[in-house]
Structures are given as C-alpha cells and as structure tokens.
C-alpha cells in the first residue's frame with residue numbers, strides 16, 4: 001500500500017505544472033483533442049465506431065479514424081463526456097502515468113526486483129525525462145499511453161519460470177497477444193518498436209535457455225496480437241491507396257531528419273520544403289532530445305553495470321534492449337532503418353527513448369535487488385523519488401512547456417468543432433484532393449452549372465465566397481447531416497451538379513432518388529459533385545462497410561476465439577470434492 005501511495009504522489013508531482021498552468025499545447029495536442037471531440041460527437045450521433053472525422057478539413061471531413069488507432073481517442077472521449085473538457089487532458093495524462101507506473105511495478109517484481117525496488121523503479125519510469133517531454137513539449141498523448149503496455153510486453157516475454165506446463169505456456173502466448181494488440185491499437189510507431197523489442201528479447205531468452213520456446217512464444221504472440229487488432233489494421237493497410245499516406249514520412253518526418261546530435265539546415269542536400277520557422281522549431285526539438293538521449297545513455301550504462309553486479313537473470317535481456325534502443329538513435333544506424341521492414345514508420349529515431357527510458361528504470365530496479373530495506377532506507381528512497389519527479393516537472397514546466405496559440409486551446413477547439421471545423425491531416429487527405437484547396441465556410445450543399453465550378457485555388461484558411469455566375473437556382477433542404485449519413489433534397493430548375501460539403505471517398509455510397517451513383521466527378525478540392533436533373537432530387541450519402549473492414553473483423557473474431565481457447569483455465573477441484581457426474585455414472589452401471 002505504501003508503494004502505491006508513493007507512486008500516486010509521484011504522478012501528482014509529475015502533472016503539477018498542468019494543474020497550475022493549464023494544458024500545454026504541444027505539436028500533437030490539438031490532433032488528439034480533435035479526435036476526442038469528434039468521437040464524442042459521433043457517439044452522440046449514434047455511431048459507436050466511426051471511420052470518418054466529420055469536422056476535419058473545415059467540415060468536409062477525412063477518413064482519419066480508418067488509419068489512426070482507436071484506444072487513445074476512446075479513453076479521451078470517455079473522459080470528455082464524464083467531465084468538463086478543460087479537465088480531460090490533465091486526467092488523461094494522470095491516468096496514463098499511473099497505469100504506466102502500475103505496469104512497470106508489476107513487471108519489475110516479476111523479473112526479480114523486490115517490492116521497494118520495483119516501486120522506486122516505477123517512479124523513475126513515470127517521471128523519466130522522455131515521458132515528461134512527450135507531455136509538455138510534444139503533446140503526443142497516444143505514445144504516452146503506449147508506455148503502459150511496454151512493461152507488460154517485457155514481462156510476458158522475459159519473466160523466468162522454473163517449470164512451465166503446456167497450459168501455462170499457452171496462457172502466456174494469449175497474454176502476450178493481448179499486449180501486442182493493445183500496442184497496435186494505441187500507437188502504431190510504438191507498436192513497431194514493440195515488435196522489434198519483442199524479437200530482441202526472444203532471441204536473448206532463447207540463447208540463455210538454449211531452446212526455441214521463447215522464439216515460438218514471441219511468434220505466436222505477434223501473430224495473435226496482429227489478429228486481434230486486424231479489425232483496425234486490415235482497413236488501415238488496405239485503404240492506404242485511397243489517401244496520401246506517404247506524407248507521414250515526408251520531409252521533417254523522416255528518420256534521417258531526426259537523429260540526435262545534429263542540426264538541419266535549409267540549404268544543402270536534401271532540401272527541405274519547409275518554412276524557416278518550421279526548421280527553427282524542429283532544431284529546437286532535436287536539441288532537447290539530444291540532451292535527453294545523452295543523459296539516458298549514460299544512465300543506461302551505469303544501471304546495466306549495477307544490475308550486472310547483482311547477477312539478476314533479467315540483466316542480459318534488459319541490457320540488450322537498452323543497447324538496441326541506443327544504437328538505433330545514432331546516425332550510423334540509418335542502413336538498418338532502411339532495411340528493416342516498416343521501421344521507417346517510427347518516423348523519429350529518438351522515439352526509441354520510450355524503450356530506453358523503460359530499460360534504464362528496469363535495470364535500476366534490478367540493481368536495487370530483492371532484499372528487504374530498512375525503514376530509514378525506504379523513507380530516503382521515497383524522498384529521492386519525489387525530488388527526482390519534482391526536478392523533472394520543473395524542467396518540463398519551464399523549458400519544455402508549449403503555450404497555446406490562438407485557436408489551439410481546449411475552449412477554442414471545442415468552439416471550432418461546433419462552427420467552422422478544424423484543419424485536416426496531410427496524410428489522410430483523400431486522393432486526388434488538395435488540402436489547401438478547401439476554404440472555410442463552404443455551404444452544406446450548393447447547385448452549380450459545372451462539376452468543377454467554384455473550385456478556385458485558395459489557401460486553406462481563406463473564407464468561401466459565392467460565384468453567382470456558376471450557381472443554378474434551386475431549393476435545397478437538408479433532412480439529415482449526420483457523421484456518416486447525409487440526406488439532402490435538391491429541387492433544381494435545370495440540370496447541374498449538387499456539390500456537398502463532403503470529401504469524396506470510395507467508402508461513401510451515393511444514391512439519387514434511390515438509384516446508386518458513382519461518387520461524382522473529381523474536383524481539385526475533393527468535394528463530392530453529384531449530377532442532378534431538373535426537378536426533385538433526393539440525395540443520400542451513407543458510409544458503407546467495405547470488404548476490407550469485413551475481412552478485418554472476421555480475422556479479429558477468429559483471433560479472439562483462439563485467445564479465449566489458449567487462455568482457458570480449467571477449475572481445479574477442491575480437496576475432497578466429489579465428481580457428481582462420476583457418481584451418477586457409477587449408479588447407472590449398478
């Protein structure tokens with residue numbers, strides 16, 4: 001109980017700057033907040049698992065939820081419904097840190113650390129500089145939530161058990177599959193790192209045990225986890241051809257741009273199509289992560305040496321994990337990044353600090369050992385943990401804190417959702433649309449002479465202005481404008497095109513007077529243009545479940561059945577308990 005209280009106190013200290021100053025607006029914060037707000041609106045509209053973000057691109061939408069994992073937005077939306085939105089980021093962060101500390105403490109105790117050592121290691125993990133950087137500088141809240149699952153991944157792949165029956169081994173595969181699935185459903189870059197981390201741990205364990213069981217367990221867990229997450233993963237992979245997903249690894253988002261200990265410049269090769277202000281901010285981020293990486297590398301070396309002195313069996317796997325995480329953040333590892341499958345989608349080399357910070361804290365816990373600590377030593381450890389958390393919170397609150405600009409704060413984002421909508425995401429824009437071609441304030445529906453009329457080149461922050469020469473007189477009645485269900489009745493005096501405030505996407509099913517149509521003539525701004533005839537045109541646009549979605553759901557259902565079968569544990573009979581069926585069979589024979 002005292003350990004849990006100390007861990008809770010460290011979490012409170014870590015979020016103290018947010019409690020005093022409000023929510024910092026890191027680079028990714030508005031993206032996550034918009035996800036929470038949009039999901040809450042979808043639930044209110046009766047859509048439990050939406051694929052479409054209706055408020056993006058100034059109300060024209062984008063298929064963001066097809067591609068971005070669901071766990072973090074479900075948690076954020078649930079909290080936002082239960083409390084005022086201005087409190088939601090603080091509670092989200094506190095819950096994520098608390099759950100990460102609980103998971104780490106459990107892992108450390110399973111790997112051989114004593115209760116006190118495991119608690120102090122959990123405090124180091126919760127307040128480590130990279131997690132503070134994620135909260136206060138980056139606002140990368142999904143990656144923060146992924147920090148909950150990383151220790152559980154290490155536990156299930158590294159824990160030593162003297163004798164493991166076939167049933168116990170199957171249950172470990174099921175547990176490992178659940179953790180892998182949760183990683184994929186929380187943050188894709190963290191999941192890629194987790195899969196490679198699992199491969200390293202399995203290889204080391206196989207060498208230590210001189211048998212293939214750890215490798216077989218890891219392969220089974222990876223396959224099972226991918227199957228459980230297939231309901232999201234299959235559409236996310238299959239529908240990449242419908243969006244500009246390549247922008248996710250464009251300039252300033254590539255691994256070669258993110259190695260610590262160097263600076264990017266506007267001139268030279270490669271050239272960066274970015275504003276000077278973007279490079280100034282990006283170089284500031286590189287400067288900050290370079291200091292954190294350097295500190296964690298030194299701490300990893302010291303902790304590994306101290307853990308080795310204790311002869312803990314988990315020392316070698318954890319040291320290997322720390323070594324791989326360090327190596328992949330150095331520029332000479334670029335060939336590995338290019339050769340390893342999907343590793344480039346981690347985007348930033350310094351993201352491996354998520355693994356490195358956990359490995360450092362775990363090695364420190366191993367170094368503290370299993371012995372029972374004297375009362376005075378426990379108090380000293382608690383004080384030092386609180387001092388460390390306070391120091392990290394002070395650094396984060398003064399150096400890494402990102403103030404909110406106009407339009408980025410929580411109240412501004414809530415207001416934007418209800419009015420103009422929000423900006424879109426580069427990599428989720430449906431092809432062949434151009435994101436900068438969508439102005440603010442486009443009408444719900446307008447009837448034009450040509451499909452591409454009023455499709456002028458504009459910047460995304462400009463306000464729409466009507467073109468009387470391009471419009472056709474018509475009565476427009478919007479009968480429903482839901483998240484994934486739009487219905488409009490257009491009574492036109494002559495044939496033309498009804499242009500909806502809605503991005504075209506292959507998953508939309510468009511009907512006019514009950515007859516299904518193609519999505520419409522492509523426009524540069526990506527909006528749906530539907531041909532209408534003179535007279536009454538009843539238009540319905542509904543989101544349909546595509547074949548890849550059904551395939552993903554089927555795979556997940558099969559994987560869930562396998563998981564339940566592997567995790568099934570027969571109830572053990574108590575001593576002296578009779579088998580009534582056996583007695584009945586005996587009486588039948590008599």
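Structure notes:
- Residue in region 192-212 that is farther than 22 Å from residue 314 by Cα, modelled with pLDDT of 95 or more and either touching a helix residue (DSSP H, G or I) at 6+ places or on another chain (Cβ under 8 Å) or crowded, with 21+ Cβ neighbours inside 10 Å (or both) present: yes
- Only listed residue being surrounded by 14 or more Cβ atoms within 10 Å (Cβ to Cβ), modelled with pLDDT of 90 or more and under 28 Å from residue 254 (Cα atoms), chosen from 385, 349: 349
- Qualifying residue in region 120-138 (condition: crowded, with 21+ Cβ neighbours inside 10 Å, within 22 Å of the chain's Cα centre (by Cα) and under 30 Å from residue 437 (Cβ atoms)): yes
- Verdict on residue 456 being modelled with pLDDT under 85, surrounded by fewer than 19 Cβ atoms within 10 Å (Cβ to Cβ) and either at positive phi or out of contact with any helix residue (DSSP H, G or I) (no Cβ under 7 Å at 6 or more places or on another chain) (or both): yes
- For region 51-106, a residue qualifies if it is over 29 Å from residue 153 (Cβ atoms), part of a loop (DSSP other than H, G, I, E, B) and out of contact with any strand residue (DSSP E or B) (no Cβ under 7 Å at 6 or more places or on another chain), and the qualifying residues are 54, 55, 83, 84.
- Only residues that are part of a helix (DSSP H, G or I) and farther than 24 Å from residue 352 by Cβ were counted in region 173-222, giving 7.
- Check on residue 359, part of a helix (DSSP H, G or I) and modelled with pLDDT of 95 or more: yes
- Residue match in region 460-481 (condition: part of a helix (DSSP H, G or I), buried (at least 16 other Cβ atoms within 10 Å of the Cβ) and within 24 Å of the chain's Cα centre (by Cα)): no
- Filter result (in contact with a helix residue (DSSP H, G or I) (Cβ under 8 Å, 6 or more places away or on another chain), within 30 Å of residue 251 (Cα to Cα) and surrounded by fewer than 19 Cβ atoms within 10 Å (Cβ to Cβ)) within region 428-453: 431, 440
- Residue satisfying all of: in region 249-271; under 17 Å from residue 288 (Cβ atoms) and modelled with pLDDT of 80 or more; surrounded by the fewest Cβ atoms within 10 Å (Cβ to Cβ) among these: 261
- Of all residues in region 161-180 being in contact (Cβ under 8 Å) with a residue 60 or more places away in the chain and either within 23 Å of the chain's Cα centre (by Cα) or closer than 20 Å to residue 150 by Cα (or both), the one that is surrounded by the fewest Cβ atoms within 10 Å (Cβ to Cβ): 171
- Those residues of region 312-338 which are in contact (Cβ under 8 Å) with a residue 60 or more places away in the chain and not in a helix (DSSP H, G or I), in sequence order: 312, 313, 314, 329, 330
- Which listed residue is closer than 30 Å to residue 118 by Cα, more than 27 Å from the chain's Cα centre (by Cα) and touching a residue at least 12 places away in the same chain (Cβ under 8 Å), from 390, 357: 390
- In region 339-354, the residues that are more than 14 Å from residue 258 (Cα to Cα), in contact (Cβ under 8 Å) with a residue 12 or more places away in the chain and not in a loop (DSSP other than H, G, I, E, B): 354
- Residue 7 being out of contact with any strand residue (DSSP E or B) (no Cβ under 7 Å at 6 or more places or on another chain), within 24 Å of residue 481 (Cβ to Cβ) and in contact (Cβ under 8 Å) with a residue 60 or more places away in the chain: no
- Among residues that are farther than 26 Å from residue 56 by Cα, outside the structural domain of residue 232 (by TED's automatic domain parsing) and either outside any loop (DSSP other than H, G, I, E, B) or modelled with pLDDT under 90 (or both), residue 575 is included.
- Residues being buried (at least 18 other Cβ atoms within 10 Å of the Cβ) and under 16 Å from the mean Cα position of the chain (by Cα) are entirely absent from region 2-25.
- Residues of region 296-309 that are surrounded by fewer than 16 Cβ atoms within 10 Å (Cβ to Cβ) and in contact (Cβ under 8 Å) with a residue 40 or more places away in the chain: 309 alone.
- Pick from region 433-453, criterion part of a loop (DSSP other than H, G, I, E, B) and over 17 Å from residue 504 (Cα atoms), ranking: modelled with the lowest pLDDT: 441
- Residue identified as under 39 Å from the mean Cα position of the chain (by Cα) and not in a loop (DSSP other than H, G, I, E, B) among 510, 490: 510
- For region 363-375, the criterion of a residue being surrounded by fewer than 21 Cβ atoms within 10 Å (Cβ to Cβ) and assigned to a helix (DSSP H, G or I) is satisfied by at least one position.
The values are calculated or read from the model by the stated rules, or taken from the named source; none is laboratory data. Here the structure is a predicted model, which is why all the values come from computation and not from measurement. Methodologically, a virtual Cβ is constructed for each residue, glycine included, from the backbone with ideal geometry; neighbour enumeration extends over all protein chains shown.
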